[in-house]
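Notes to accompany the following structure.
Throughout, read-outs are computed from the coordinates displayed, never taken from laboratory work. Here the structure is a predicted model, which is why all the values come from computation and not from measurement. Positions of Cβ are generated from backbone atoms using ideal geometry, with glycine treated the same way; all protein chains shown enter the neighbour counts.
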């Protein structure tokens, strides 16, 4: 895979580069969203998504960002007053908890220092300390810090305690190992502009049998994000409200392309990209933000800003002189890290280009690598 | 304007046909949604939208359907328990009321027979009968029945009573006369796939000063649809959550094109299309669903199914033999009407094509026009 036709080396953790054949599909003319051809497209998309979620459940496609998907996860299974444990290792973990709180859940946060991964043991203890907790919110891959949680282990603990587990898989699913049914996940959310090589605009959400049971009695208000409406429309190959059709057109092509590459090959490629990025970053004399490399993300790498280097100056130079777009740090990490996205459409040449640009930019900005 | 390049004569009231130059923009590669070029695009879009809403307020672009926009309107100015008057002349008027109810408002409906327009006098009486009402929900153009409410007059009544007025302008704004500030509207919502010639995926929402004051104390839960977050991000040319960028790219081109045609010319063209459609429908011996032609919509025409003609058979024949897609009736109008969209990219040749197909299809299906 190559993204040479993409005019810019877009190395942010979403939106990710979209290959030309998918962009061509995105630019297709409108059709009737209640007609037979579009219904066939929705059915193809759903079947493919199920194979990537590895679930027997339906996967519903909502026209919103990943954050909209997180909101859908919360409001479809919870009621105001429900006790919720919010596991947070960064910006998006905090956001998940905030959404639940805004809708009236009684949220206890289990926060970690940014750069760390969550520990299943801590989750077990938190659930023991507060037996009334109904649901656990957890981020699989924390985009803001470049850390991947050991989701299977955390899920096991949540299953043992018989709680619901709601998962933000926005920047993991479709790129790194993930098994919704086998891991016993109850609500899973991801977004189109990450591993899927399509533009932003869609969130994909699936719910377990337990999730659907909780849905029946959940009393948080919902209309646009009502998954019951989405499930019902899906039986006709439709969405309850007019969907972002252009992104659907692209997704149809993207999923066929991903199926051709194969789930295992995709995951192997992302692992390789993650390894290569970390190796090269360290070879440049830079430091990973992730504290324990075993939890380093294979979709996004956060790098500590070296002493004396202004992150904005570095990012601007990378963009202006090397046609490469990097992400900065979010919230309290602003100015302290920069991030390199390596998910979706990415291969060695993209990382090579990025590292060459970084080496030259850092030198120009006066960075001298610490002696070993 | 012509849509000859569009492979199908898409005559549903949204999604509407998208011209090739706009589709080309929709298919453009991704960029950083937090970068300078995208910020410039957001600023261009916002400035144009203000000129079409005819407002001094900011217009915020949300990545969702028009229904998501209606939900945003409700949750940003109301609190659970607030008394609300829901004026409904069809399916979308009912939906607006339902959303408010789901979020805990105490909704009184002012329903009309479908096919009728709302009367300002009735609204005045309803507001007198229930002085505690805080807000009035009203549909400008009811897509399900092809009826346009006299919004300026209704708004005048609501202003006199000093209530908030929340307006569903999804299938009117950008096509027929509309003046947010002059009419004193408090929350206005429209959708990208209607008069704007772009694909679905975006809702545009603006709030009056009164609306923003109500926002400060409104207690319905909101996160993804929080207009405060949108307003804040807009100061940086951003959206709070990753936007449906492809549709933004298209919208940028569409708004420039609309500005070139000019608001008045666009409105005159829609008036002409509405007139032509109604004239031709009657010339075919068919009957308009709208009871009083003074309120007939200039963006969508609903036509009564003639005796003995199966609407689905007619629509299928139009699609298979005349490459023309018509809409059916929604909810209780299913099978009883069909609808012709004439908004956005439309000119005489599109209506001509539609009417020729209708004449031939009706004859083939055995329709004999009633003698005059």
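Annotation for residue A:51 and residue A:216: the two label points, set 7 Å from Cα along the Cα-Cβ direction, are 3.3 nm apart. Post the alpha-carbon centroid distance, segment A:46-77 to segment A:223-284, in whole angstrom. Answer, in whole Å: 10. Contact order, relative form, for segment A:165-226: 28 percent (alpha carbon pairs under 8 Å, 6 or more residues apart, mean separation divided by residue count).
Of all chain B residues, the one whose Cβ lies closest to the rotation axis that maps B onto A, given with that distance rounded to whole Å, is B:27, 1. Helical runs (DSSP H, four residues minimum) scored at -39500 (n - 2.57) apiece and divided by the length of chain A put the mean residue ellipticity at 222 nm at -13000 deg cm²/dmol. For segment A:181-250, the alpha carbon positions stretch 35, 29, 22 Å along the principal axes, listed from largest to smallest. Taking other C-beta atoms within 10 angstrom as a stand-in for reagent exposure, B:132, B:82 fall in the order B:132, B:82, fewest first.
Cβ crowding within 10 Å ranks A:334, B:88 as A:334, B:88, fewest other Cβ atoms first. Ranked from shortest, the separations from the 7 Å Cα-to-Cβ label point of residue B:40 to its equivalents in the other copies are 4.3 nm. Computed FRET efficiency, Cβ-Cβ of residue A:265 and residue A:316, R0 30 Å: what is it to the nearest 0.05? E(calc), rounded to 0.05, equals 0.25. The DSSP beta bridges internal to segment B:20-259 are antiparallel in roughly 40% of cases. What the Cβ-Cβ distance of residue A:122 and residue B:8 gives, at R0 = 51 Å and to the nearest 0.05, is a FRET efficiency of 0.35.
Other protein chain C-beta atoms within 10 Å of residue C-beta, averaged over A:224-234: 2.
For A:60, B:180, the sequence from fewest to most other C-beta atoms within 10 Å is A:60, B:180.
Copy-to-copy label distances for residue A:264, where each label lies 7 Å from Cα along Cα-to-Cβ, are 7.0 nm in order of increasing length. Taking chain B as a Gaussian network, Cα atoms linked when under 10 Å apart, which of B:187, B:123, B:167 shows the biggest mean-square fluctuation? It is B:123. Dividing the mean sequence gap of close Cα pairs (under 8 Å, 6+ apart) by how many residues chain B holds gives a relative contact order of 25 percent. Spacing of the modelled spin labels on residue B:353 and residue A:307, each 7 Å from Cα toward Cβ, amounts to 6.9 nm. If R0 is 56 Å, the Cβ-Cβ spacing of residue B:79 and residue A:279 corresponds to a FRET efficiency of close to 0.55.
The Rg/Rh ratio for the protein assembly as shown, using Cα coordinates for both the radius of gyration and the Kirkwood hydrodynamic radius, is 0.99.
Here segment B:351-372 and segment B:166-207 have alpha carbon centers that stand 34 Å from each other.
For chain A, a Gaussian network of Cα nodes joined below 10 Å ranks A:342, A:33, A:140 by mean-square fluctuation, and the top entry is A:33. Sequence-distant contacts, meaning Cα pairs under 8 Å at least 6 residues apart, place the relative contact order of segment B:1-96 at 11 percent. Segment A:285-306 and segment B:78-137 have Cα centres spaced 54 Å apart. Shielding value for B:238-251 is 6, the average number of Cβ atoms from other chains within 10 Å of each residue's Cβ. Mean-square fluctuations from a GNM of chain B, with a 10 angstrom spring cutoff on Cα atoms, peak among B:231, B:352, B:339 at B:352. Roughly what % of DSSP beta bridges within segment B:87-167 run antiparallel, to the nearest 5? That works out to approximately 20 percent antiparallel. With the biggest extent put first, the Cα atoms of chain B measure 60, 55, 32 Å across the principal axes. Shortest first, residue A:308 label-point distances to identical copies amount to 9.3 nm, with the label point at 7 Å from Cα along Cα→Cβ. Neighbouring Cβ atoms from other chains, within 10 Å of the Cβ of residues in A:30-38, number 6 on average.
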